[in-house]
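The numbers here are math on the coordinates, done by the rules we state, and not lab data. Nothing here was measured: the structure is a model prediction, and the numbers come from that model. We place every Cβ from the backbone using ideal geometry, glycine too, and count neighbours over all the protein chains shown.
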Amino acid sequence: MVQPTRWEQADERGHWHLWRRCPECEWRSDAIHSECEIDLFDAALDRGTEILTEDLRTVVRENMERVADTFATALAADLITADDFS
């Protein structure tokens, strides 16, 4: 959950000053990291984004299936009329 909030190139070549925070627990940190460390952190962020995106797709799909099932049940029970769409 840790996310970068700000970054700027550090005085030392190939290093970055990175500010981070966790929106879940409000942990905060700032430190200087090498480009290699930043690349690893960036890759971890990308993996986390992919996981969250897939979770979102799953939740949306499950919610839409419930809505469709509820609508189909209401149609089958003749609970929906043309007046419901005006």
I want to check the label-to-label distance for residue 44 and residue 79. Put each point 7 Å from Cα in the C-beta direction and report it in nm to one decimal. 4.8
Work out how much length residue 3 to residue 55 would gain on full extension: take 0.36 nm times their residue separation and subtract the Cα-Cα distance, in nm to one decimal. 16.9 nm
Would you mind computing, in nm to one decimal, how far apart the modelled labels at residue 63 and residue 35 are, each placed 7 Å from Cα along Cα→Cβ? 4.2
What is the gain in length, in nm to one decimal, between residue 27 and residue 15 on full extension, counting 0.36 nm per residue of separation less the C-alpha to C-alpha distance? 2.1 nm
So what is the 222 nm mean residue ellipticity for the chain from helices alone, if each DSSP H run of at least 4 adds -39500 (n - 2.57) and you divide by all residues, rounding to the nearest 500 deg cm²/dmol? -18000 deg cm²/dmol
Could you give the length gained by full extension between residue 71 and residue 86, i.e. 0.36 nm per residue of separation minus their alpha carbon distance, to one decimal place? 3.7 nm
Could you calculate, for the chain, the ratio of the Cα radius of gyration to the Kirkwood radius, expressed as Rg to Rh? 1.38
